[in-house]
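Down below is the structure, laid out as structure tokens.
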Amino acid sequence: MKQTYEEVEETYIKTLKGRTALKRLIKDMAKNRKQTAILIASVMITAIAATFSPLAIGGAVNGVASRSFSTIFDFSLLFISLALIQFGSNRFRVISSTILAQGTVKNLRDRSFQSIQHVPISFFSKVKAGFLISRMTNDGETLGEFLTFQIPSVVSGMTTVILSIAIMLYLDFDLTLYALIVLPFLSIFTISLQGKVRKNYLRTRRTIAAITGNLAENISSIRSIKAFNVESYTEDKFDGLNADNLNANIKASRLSSLYGAIVRIIEYTGIAIVVLAGAIELKAGLISIGILVAFIFYVQEFFDPVIQLSQLYNSYQSSIVGVGRIYGIIDSKKEVVSDGQITISSLRDSIVLKNVSFSYDDSNALRDINLTIRKGENIGIVGHTGAGKTTLSNLIMKFYVPQKGEILVDGKNIMDINTESYRNLISPVLQEPFLFHGSIYENVKIADPAMAEEEIERLAKEFNLNRIFDKLPEGMETNVGELGRNLSEGQKQAIAILRALCRNPQIIIMDEPTSNIDPYSEKFIFQSLEKFAREKTLILITHRFSMISLVDKIVVIQDGSIVESGTFPELREKKGIFSQMYDILYGSKGEGID
Amino acid sequence: MSENKKSFLKKIKGVFEPLLFSREYLKNKKWVIYLIIGFAVLSTATRLLVPIIIGAIIDSLELKNFNAIYLEIEYILILAVLSALASFVVNFGAQYSSQIYAYNLRKKVVNSMVKKKTKFFQDKTSGDLLSRTTMDIDASRNFIMNSLSQLIPTILIIIFAVGYLFYINMFYSIFFLATVPVLIFIGIKFQRKQRPHWMKIRDTYGVMTESIQEDITGQRTVRSYLQEEPQIDKFTGITDTYYGEYLEVANLRGFYNNLMPFIISAAATAVIFYGGYTSIVARSEVGGLVAAVNIFTMVTFPVSFLGRLIAFSENARAGIGRIKGVLDRDMDEDVLTGGDFPGSNAISLRNVKYKRGDREILKNVDMEIPSESFVCLTGETGAGKSSLVNLIPRLEDPAEGEILIGGVNVRDIPLSSLRKNIAIVPQEISLLSGTISENIIFGRKNITEEMAKKAAKVARIDDFIEGLPEGYSTIIGERGITLSGGQRQRVALARAIASNPKILILDDATSSVDPETELAIFSRIRKNIAGITVILVSLRYSAMKYASTVYELENGEICELENIDGLNYAMEKEGFENEADL
Ligand SMILES: Nc1ncnc2c1ncn2[C@@H]1O[C@H](COP(=O)(O)OP(=O)(O)OP(=O)(O)O)[C@@H](O)[C@H]1O
Ligand SMILES: Nc1ncnc2c1ncn2[C@@H]1O[C@H](COP(=O)(O)OP(=O)(O)OP(=O)(O)O)[C@@H](O)[C@H]1O
Ligand SMILES: [Mg+2]
Ligand SMILES: [Mg+2]
């Protein structure tokens, strides 16, 4: 019943099958035609130069035999020229293979990253960040290494195999068949192992992802780990995953080494078969000794790359599993909401929620919500924790799509509206402020990159947020650290508020914007907001009733339904849930509540 | 001169530095290494024997000695088995030991990471640390694997080839020896030039990891501010750098690594030319000359492999450099052993001064918190409240002054017993992926399911959890993403309460909880946990009313407020009341 994170991950991100992944990879790589051509050309030039080198030596030797200094000189020159050509072509080979390999990996990473920007938001509550990171970094790296260092071997290996077979066929057809006799065995052997090999490598990739996922979380929660003195538990848990990874790798490499060893036996058997068959043919007088000797030489030439290629088979499998996992991210289902046709540039009339019901998976979060937010209206949303306030704002921001009912923006269904143009109208202050690594200025500027720093400072003053930043020695230049860790929580919230206001939006959604800001500062902020908000549409979610002066209408949500709504005096009058909450805050000491 | 020689040797040794580094992590696996070495010799021997047997076969074919041929075929098959065995042992051995190395090293890195002071984490990003524990380790693992499996055969082949060269012609071998300093010179130059690029590659990898993590964590902000494109551009910039550095390395590899076999070919040319000349003059046999040239061709591949090893080695060294930054012990917490948590829960802070860098956050804090009291600490945003309470379980240490619990300096209480008895609910909640009950128990062996449930009740989250289809075994998303803000805080609260701590610190731990629930929680804590001292950091008037004493932190100093109406700043209540009579 209960799915593990790994199983959930698999349902959200499909891992491509080996062959499909390979096909796509080749297609992606071949897009860079120029480098592919250079690579193939340079490999061929190297191969040809290498074939001619022995001839040069032979020529020089003949020169010795014929006692001709000039012949020796000429062939020595040829020999060194061939070496120089190889030097040059190898150089190109290294560079072009790196461009192809690293370029492909870069491209895959970039596309995965793009894909992540467009998956449904719910994706992130299912798939661990560490898993995604592992696919993009670790799996990408394995592929990069394989391609950078091995593509040339693969290309040249295949060239040599084809060349040798051609020469062998030219020399003796029957013997060639004998030489190739082991190939079906090799193929069957390889194919029969394939499933197992793939499973092994999949396991190594999954276990490293588990390690990454675990560490990503642990490093982020290091303070709690220390505060609760659970270092050794953390170590033990990690050790379990680390050991899983070790075992997976050992198992995979045991099989791969065994495979390599058996391939060796197959190779030598192949040579033995040719020698035996050759000897028999020689005995029967079907073949000349010269041809047989040459043939034996080429059989070795042929087997060398075959062996090399099969040794690569394992790193190939490991990379192809990895690449399948990266394609999984690229292919993951995108937000359905992003294909709305209508673009809107302003809110003209209202946002209306009509019989909206929403549930996360199978837990009901909102039920039959009917709510009209008129342009310019300021609405307060209150309710107990877990009532569904944030969920409501998520729906309005189109992060989630309601299962029932509809949301109309100026009478048009939100699903038909282009998401970007719609979100452009809204500035949210999320319940959990998120800051990027960088200065306060940089964090605010994401709302409007063109904004001058003086302007930001002016607005900070206007909204009375400057008193919070003034305490920082470097003011707004302060580097906030990863996730704003160098600031106090209240300071982070202040930045999130400033960012939202700097965008000068038509609609502001604030989800407990001041839960960590002291009442004194809060009061100033709200005083300055009052004027600002009058021209805006404001949705304010709050537990702090001091803010209620800002809103025209209060909506009370309980257990996913709207239970009360009206102006402050109306709700006070009603003596319902709102009134009760209010009294607890400002009335008696709150004793007797339990 | 000798100075130069020394640094010369050092540079050569540098290539194998990762192998030296790995010794510590392969301590118990020495036998595997010996086995690998032994079988590598066998493997090389079989490889060298093949051409000899083939030669013999060709001789027998020419003589039409078929009986000999059958025998030689048998030899080949025997060789096949030996070679297969050797290749298995060498390859598996190399993989096995390199994996053991990675396992041990990773374990050590993680173990030393969790022992670091929190200060260590301040200027590092988790993405960067993550890459240090994964790919940086893998870079050196890769080098170790390649060296173990191929270094010995490579060197053996070179030695064998040179030995054979000596055997056939002393003079030709001088040509080979002449290349050695040139090769080493090229190798060192290659190594030196690659260095900065590999370092950049490893660092960039860390930055890449970090930016993915940041982007995922901030997806909602990214989307609502339409930051998708800027984020993609930023990421593409990073992968561009990464790609660019690899290209730089490829340029160097393309030149230097291919120069090495070219030098060998140049020497071979000299041999052909010179040898041909002398052969004509001396009217000698050419067989030796051909063999010598063949040997030169034979060593080109091993030599270029050694060149490639230099590249792997630099990657490994750059990774190891980063790993060492975590393994350094100088940022470790001082874990004392012995001593017990004092009997009394009274907390006193005396002349406490606390700095972040040069900035004084707490100037002179004096506080006396009586045992078993419920006190509140308040103050403006950024006043230093969190900084102050973090000093008590020693998540940070003050620059001056002392903190006493029951009269004992916290520095004299072993960290583990200190932190076992003080529970803190941090302002920034960190829940982990897993079930709710796992999050409450949080790996503490002395906490039972029952205690977890009781704690959930005190934190007033029990009704919610029990209402879930899977109850306490409900899996929550990473960072508790599938819970509401207030639910997250209450799970974290239950985690802190579960161990029945002697001191409970709530750092604005109920800011997302509605006031009604909040007050219910406080009253349950008081009723249900005997003998506990509670320090509540709060900005809410309603919460302050609940405390016996309210301290206000202002300008890095504490003032105790007899009654909350005396707060130095306008209260929430006042702020509201003025507006309420609209
Ligand atoms: N991503 C999610 N997946 C599954 N359930 C969720 C998710 N987010 C919220 N929920 C559940 O939906 C309900 C409503 O949550 P919501 O965040 O809207 O509450 P809220 O009113 O904002 O509460 P709070 O005041 O504590 O922030 C809660 O019971 C919560 O557990
Ligand atoms: N990791 C850090 N590095 C540098 N400075 C920091 C760091 N954490 C906090 N600060 C600074 O120290 C000061 C005190 O921060 P602290 O978190 O203690 O404030 P606080 O009183 O808890 O505020 P809040 O009510 O907003 O939580 C702040 O001005 C903040 O900028
Ligand atoms: Mg919420
Ligand atoms: Mg704080």
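Of note:
- Tilt relative to chain B, helix B:152-168 - C-alpha long axis, 0 to 90 degrees, to 10: 20
- Each Lys and Arg contributes +1 and each Asp and Glu -1, all at the Cβ; summed about the Cα centre of chain A, the dipole is approximately 1220 debye.
- To the nearest ten degrees, helix B:66-114 and the longest principal axis of the Cα atoms of chain B are 20 degrees apart.
- Share of carbon and sulfur in the accessible area of the range B:55-185 stands at 68%, probe radius 1.4 Å.
- Computed P(r) (all Cα pairs; the range B:14-324; 10 Å bins; percent): 5, 19, 24, 22, 14, 9, 4, 2, 0
- Taking every alpha-carbon pair under 8 Å whose residues sit at least 6 apart, chain A reaches a relative contact order of 15 percent.
- Dimensions in Å of the range A:147-241 - Rg and Dmax from alpha carbons: 25.1, 78
- DSSP beta bridges fully contained in the protein assembly as shown are about 55 percent antiparallel.
- Amide H contacts of A:Gln558: A:Val563, each under 5 Å away and 5 or more positions distant or on a separate chain (H built 1.01 Å from N in the peptide plane; Pro and chain starts excluded).
- A straight chain from A:Thr567 to A:Asn355 at 0.36 nm per residue would run longer than the Cα-Cα distance by 74.1 nm.
- Rounded D (µm²/s) - the range B:80-126, Kirkwood Rh over Cα pairs, Stokes-Einstein at 25 °C, 0.890 mPa s: 182
- Shape of the range B:321-434, Cα gyration tensor, a/c cut at 1.5: rounded
- Tensor-based shape of the range A:431-505 (alpha-carbon gyration tensor, a/c under 1.5 rounded, otherwise prolate or oblate): rounded
- Taken over the C-alpha atoms, the range B:347-581 has Rg and Dmax values of 18.0, 55 angstrom.
- Per residue accessible area in Å² of the range A:153-312, where ligands, DNA and RNA are left out and the probe is 1.4 Å: 40
- Using a Förster distance of 22 Å, the FRET efficiency for A:Asp331-A:Ser421 (Cβ separation, nearest 0.05): 0.25
- Remark: relative contact order (chain B) = 13 percent; criterion is Cα-Cα distance under 8 angstrom and separation of 6 or more residues.
- Helical runs (DSSP H, four residues minimum) scored at -39500 (n - 2.57) apiece and divided by the length of chain B put the mean residue ellipticity at 222 nm at -21000 deg cm²/dmol.
- Entries of A:Lys237/B:Lys502; A:Lys375/A:Lys492; A:Lys128/A:Lys333; B:Lys30/B:Lys324 with Cα pairs more than 19 Å apart: A:Lys237/B:Lys502; A:Lys375/A:Lys492; B:Lys30/B:Lys324
- Pairwise FRET efficiency - B:Ile78 versus A:Ser81, Cβ, R0 = 56 Å, nearest 0.05: 0.85
- Between B:Asp233 and A:Ile280, the modelled label-to-label distance comes to 7.3 nm, taking each label 7 Å out from Cα in the direction of the beta carbon.
- Along the axis of the charge dipole computed for the range B:1-160 (Cβ charges of +1 for Lys and Arg, -1 for Asp and Glu, origin at the Cα centre), the listed residues B:Gln95, B:Tyr25, B:Ser126 are led at the positive end by B:Ser126.
- For A:Ile191 and A:Ile48, the difference between the fully extended length at 0.36 nm per residue and the C-alpha to C-alpha distance is 48.2 nm.
- Counting only other chain Cβ atoms within 10 Å of each residue's Cβ, the peptide B:271-281 averages 6.
- Spin-label model, A:Asp239 to A:Leu169: label points 7 Å out along the Cα-to-beta-carbon direction sit 6.1 nm apart.
- FRET efficiency estimate (nearest 0.05) - Cβ-Cβ, A:Gln3 to B:Lys29, R0 45 angstrom: 0.75
- Normalising the average separation of contacting C-alpha pairs (under 8 angstrom, six or more residues apart) by the number of residues puts the relative contact order of the range B:472-519 at 39 percent.
- Modelled this way, with points 7 Å down the Cα-to-C-beta line, the labels at B:Asn409 and B:Lys11 are 5.3 nm from one another.
- Equivalent ellipsoid dimensions for the protein assembly as shown as semi-axes, Å, which come from the Cα gyration tensor, largest first: 70, 31, 27
- For the range A:250-265, 3J(HN,Hα) per residue [Karplus equation, 6.51 cos²θ - 1.76 cosθ + 1.60, θ = phi - 60°, Hz, x = Gly/Pro]: 5, 4, 5, 6, 5, 5, 5, 5, 5, 4, x, 5, 5, 4, 4, 4
The values are calculated or read from the model by the stated rules, or taken from the named source; none is laboratory data. Since the model is a prediction, treat every value here as computed from it, not as a measurement. Note that we place each Cβ from the backbone using ideal geometry, even for glycine, and neighbour counts take in every protein chain shown. The accessibility values were calculated without ligands, DNA or RNA, using every heavy atom of the protein model including side chains. Shrake-Rupley method; radii C 1.70, N 1.55, O 1.52, S 1.80 Å.
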